[in-house]
1. With respect to the numbered conditions (1) in contact with a Phe, Trp or Tyr (Cβ under 9 Å, 6 or more places away or on another chain); (2) at pLDDT 80 or above, which one is the sole condition not fulfilled by Gly78?
2. Would you pick out the residues in region 62-80 that are outside any loop (DSSP other than H, G, I, E, B) and open to solvent by less than 50 Å² (accessible area, probe 1.4 Å)?
3. Name the strands (runs of 3 or more DSSP E) wholly within region 116-169 that hold at least 2 residues that are in contact with a Phe, Trp or Tyr (Cβ under 7 Å, 6 or more places away or on another chain) and surrounded by 15 or more Cβ atoms within 10 Å (Cβ to Cβ)?
4. Inspect all residues belonging to region 40-48 and state whether any of them is among the aliphatic types (A, V, I, L, M) and farther than 30 Å from Val164 by Cα.
5. So Leu59 passes all but one of these: (1) crowded, with 16+ Cβ neighbours inside 10 Å; (2) in a helix (DSSP H, G or I); (3) of a type outside the set (Gly, Ala, Ser). Which condition number does it fail?
6. Out of curiosity, is Ala109 at pLDDT below 90 and part of a helix (DSSP H, G or I)?
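The values are calculated or read from the model by the stated rules, or taken from the named source; none is laboratory data. Because the structure is predicted, anything quoted here is derived from the model rather than measured. Positions of Cβ are generated from backbone atoms using ideal geometry, with glycine treated the same way; all protein chains shown enter the neighbour counts. The protein model used for the area step is the full one, side chains on, heavy atoms only, and it has no ligands, DNA or RNA in it. Shrake-Rupley method; radii C 1.70, N 1.55, O 1.52, S 1.80 Å.
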Amino acid sequence: MNKSTRHWYLVYCKPKSETIAQDNLTRQGYQVYLPLISRYKQRARKLFQTVEPLFSRYLFIQLDTEVDNWSPIRSTLGVANIVRFGQIPAPVPFDLINELKARENNQDAHRFIDLANLKKGDEVRINAGAMAGYAGQFLQRNSQDRAIVLLNIMEQQSRVSLPVDAIGSIH
């Protein structure tokens, strides 16, 4: 098989159907990759851990432009379409897939930390909410259940007040 004709492509899935699409495409013999991430979410004032797709509604599929039959993909349960630029499916660089796979193994469960032991300037990771995944510096606790964290967002430092349960340790 000619290596140059085999590429990764992006599949756009129906809402909340990434794993359904992955299972059905795999069953049909396609090689697929669905990067997952462990996140903490808050529901009814309780924090719980979930595993969900890193890119909502997307998964990767590896196809050979000369050998593979592309026609069943679009009609596969869970799949909406293959991402295209114009009429041409958009190949995804191998480097991106390799980088995602390399990071995958480093995503162990976040550990929650006791804010009483934190000092101003300590590094923390945000585990829940809209800022989940960001790292920042602990500044201070501003109430019983909230803390202020300094984040570097788009080359600017911003102070953000977060629930203490959303802050975890970096190490």
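1. Gly78 satisfies all of (1) in contact with a Phe, Trp or Tyr (Cβ under 9 Å, 6 or more places away or on another chain); (2) at pLDDT 80 or above except (1).
2. The answer is Gln62, Leu63, Asp64, Pro72, Ile73, Val79, Ala80.
3. 123-126, 146-153
4. Looking through region 40-48, none of the residues is among the aliphatic types (A, V, I, L, M) and farther than 30 Å from Val164 by Cα.
5. Result: Leu59 fails condition (2) only.
6. no
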